[in-house]
Each structure stands twice: as structure tokens, then as C-alpha cells.
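The structure under discussion appears below in the form of C-alpha cells.
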Amino acid sequence: MAVPLFDTATTLAAIDAEIRAKINAIIDNGAFVLGPEVRAFEEELAAYLGARHAIGVANGTDALVLALRALGVGPGDEVIVPAFTFYASAEAIPHTGARPVFCDIDPETFVITPETVRAALTPRTKAVVAVHLFGNVAPVEEIEALGVPVVEDAAQAAGTVLADGRRPGALATIGTFSFYPSKNLGAFGDGGAVVTNDAALDERVRTLRFHGSRDKKTFELIGHNSRLDELQAGILRVQLPHLDAWCDGRRAAGRHYEQAGLGELAALPVPTPGAEPAWHLYVIRHDRSDELHRTLTEAGIGARPYYRVPAHKQPAMREWGDVELPGTDEAARTHLAIPMSPVLGREQADEVVAAASLLAPAIR
Ligand SMILES: *Cc1c(COP(=O)(O)O)cnc(C)c1O
């Protein structure tokens, strides 16, 4: 039996009627942008994360741009960002006029460390974008202790929790989320949010998302049109109460892989201290990851490398990409995402592991 890389359909089927009822109610209500659903979602998301403020925006990339601009990042500034991430984490930086400075990751955890950030710090560093990649947690408090504010890119970490109950996105100065459909909390289109405990930053992001205006009459800043719409907010409100159970399913799927013996065939993802990751992607490492990819594909198992060409080696980053990042290179070469979803069971994990074991052992 084939095992797909994702399975959002099975997960959402259980709340299908509730979502359709919500969509109908919003159509009847007739408000479609920044209305009561968005306000309620912002409050519910902030409460879920344990943060004071959440601001709904158009997508996760805009969330990063607005968070950086709210921090005052602009021309002449540098912003440190990992090279091993989805490209948008870095792409947001030049949009503010600042320069991305790429730093390395720990290839075992896939996230940045205080050491890799320190190596990239200069007197011009204005902020760090810390990516909680694949749902793991970057050590953002230790990084802020270096004296720079952190923007947590939590696009892949909705549902992740720390042992003490705190949640990524609400650990540092400001955090961002994406609700792209494939994310752990996914809209039926684009959506994003910025999260902060700081009232001044909240106000700035709210102003920036609406053309730099607070009252729709006076335009104080060159802003953006980056609003969350009512349909997406309503759909996200139906889903949010289920997020923890879904993420428990993702964590259980990770345990199924461990119990099925995957750790004997490949390097398993390593949670950072205290993190209980809601694996957005379950990413293993293997010296011959392309061969493993082919072996799995032939057996009908969904698998895919995500960042074979890391952000600093992308053509648009040419100007800023001349830097040696050995941890990034290793992760880029060896990583491979395998099936992960809230409903991935032990039998499917066994199938994935059986297929992986067909890869011919390396000749020593
Ligand atoms: C998905 C993602 C984004 C961008 O989110 P969009 O909503 O697609 O703009 C940014 N950073 C990371 C790490 C992501 O995974």
C-alpha cells in the first residue's frame, strides 16, 4: 500500500460539516476582510500561544516583512538568517531594505544555535530571524541574550510545545506564522499572523498591514495591503481547537517510526532540549539520500528533499550568498522528508521502514 507524504484530507474530513457551516455563516454575514472572525481568531490564537497580541496578515512571508519593519529594520541594517530554511525566511529581509547575513545550523537539529549566530554578528546586526524548522525549536532566548531581538519564524511550528508549556512564536520579541494549506494549521488559501507581547510592536504591525494607517484616513507610513480575510480566519477558528490533538498524532507517528526501527537505517530528527516538536515535516538524514528517495518512491512511499539548494545558494541571493556553511551543506545533502501526518499509524510506519530497508547497504 502506498503511503503519502501528507494526509490533510483524512484529518479535515472529521470537521468538514463544521467548516462548511462556518463558510455559510460568513457568506450570510457579508463581512469578508478584517471583520469579527479575524478579531476572534487573533484573540484565540494569542491565548493558545500564551502571547498578548496576534495580528492576522495575508501570508507567512508578509508576516516576516511586517515583523522586521515593526522592529525598525531598514536600509543599512543586517539581519541574520539561517541558510537551511524555506527561501521566504531570507526573502523577507531585502524587502525591508536590509541585508541578509546567512548563518549556519546544527545539522542534527536543523536549527540555528547561539554559536552559529555569534559567528555572523556585526555592529550592523539589527535582528535575527530564527526558524523553528520542521517544528523543532531554535534556542531563541539564548540568542536574544546575545543582545539582538529575534523574529521567530514559526511557520512550521504551530502545535509544538516546550516541556514547560510555552510555545514557539511566543518565546522571543516577535514571532510569525504561515497558514498555507500544508502547514500544521492550514487555511483554505493563504494566511499568516504576527505574534508579540509588546503593545508598541502590535500597533506598528496593525498599522503596516493596512497601508500604514490606523484610522483609514491618515496614512502615516508606507505600509502594505496584507490583511487576513474572514473566510480564512473562520476556517482557522474551526481548526484551532483540534491542533493539539493533531500534533499529538504527529508526535505519535514519530514514535511509530522509532519503534519500527527507522533509527537503524537513517539518522532520525533530534528535538532540541525541552522541545516536543509537532513535526511539520519528518526529516531524516542519510548519506545516500537521493538513492533512498528513489527506493522509497519505487515502493510507493511519498518522500522529498526540501532544501537541496539552500537559500544562500539561490540565484536571487547571489549578492549575499558567498559564505561557508558546513552544517547547512551537510543537511542540504543528506536530508529527506518522509510521510508525516496526524493519522500516520504504526502499520504505515512499518511499510516505510520496510521500503527503506530495501536500499542496498553501502559497500565498505
Ligand atoms: C511556509 C513558510 C514561510 C512562508 O509562508 P507563506 O505563507 O507561504 O508566505 C516562511 N517560512 C517558513 C519556514 C515556511 O515554512
Q: Within region 338-352, track down each residue that is surrounded by 22 or more Cβ atoms within 10 Å (Cβ to Cβ) and of a type outside the set (Ser, Thr, Tyr).
A: 338, 339, 340, 342, 344, 348, 349, 352
Q | Among residues of region 1-26, those that are within 21 Å of residue 342 (Cβ to Cβ), in contact with a Leu (Cβ under 8 Å, 6 or more places away or on another chain) and in a helix (DSSP H, G or I), counted | A | 1
**Q.** The one condition in (1) surrounded by 17 or more Cβ atoms within 10 Å (Cβ to Cβ); (2) in a helix (DSSP H, G or I); (3) assigned by TED's automatic domain parsing to the domain that holds residue 135 that residue 167 fails to fulfil
**A.** (2)
Q: Quick one: which residue in 273, 305, 269, 277 is under 25 Å from the mean Cα position of the chain (by Cα) and loosely packed, with under 15 Cβ neighbours inside 10 Å?
A: 273
Q.
Just the residues that are part of a loop (DSSP other than H, G, I, E, B) and either touching a residue at least 40 places away in the same chain (Cβ under 8 Å) or acidic (Asp, Glu) (or both), please, taken from region 27-49.
A. 31, 32, 34, 35
Q. Among the residues of region 260-285, how many are outside any loop (DSSP other than H, G, I, E, B) and without any contact (Cβ under 8 Å) to a residue 40 or more places away in the chain?
A. 2
Q: With the checklist (1) within 16 Å of the ligand (Cβ to nearest atom); (2) closer than 30 Å to residue 8 by Cα in hand, flag the one item residue 265 doesn't pass.
A: (1)
Q. Does region 148-174 hold any residues that are of a type outside the set (Val, Ile, Thr) and more than 13 Å from the ligand (Cβ to nearest atom), and which are they?
A. 149, 159, 162, 163, 164, 165, 166, 167, 170, 171, 172
Q.
Among the residues in region 3-18, are any modelled with pLDDT of 95 or more, more than 30 Å from residue 304 (Cα to Cα), not assigned by TED's automatic domain parsing to the domain that holds residue 338 and not small (Gly, Ala, Ser)?
A. yes
**Q.** Filtered residue count, region 50-83, keeping only those that are hydrophobic (A, V, I, L, M, F, W, C), closer than 12 Å to residue 193 by Cα and outside any loop (DSSP other than H, G, I, E, B)
**A.** 8
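The values are calculated or read from the model by the stated rules, or taken from the named source; none is laboratory data. For clarity, every value in this text was computed on a predicted model and none was experimentally measured. Counting neighbours? That spans all protein chains shown, and the Cβs are built from the backbone with ideal geometry, glycine included.
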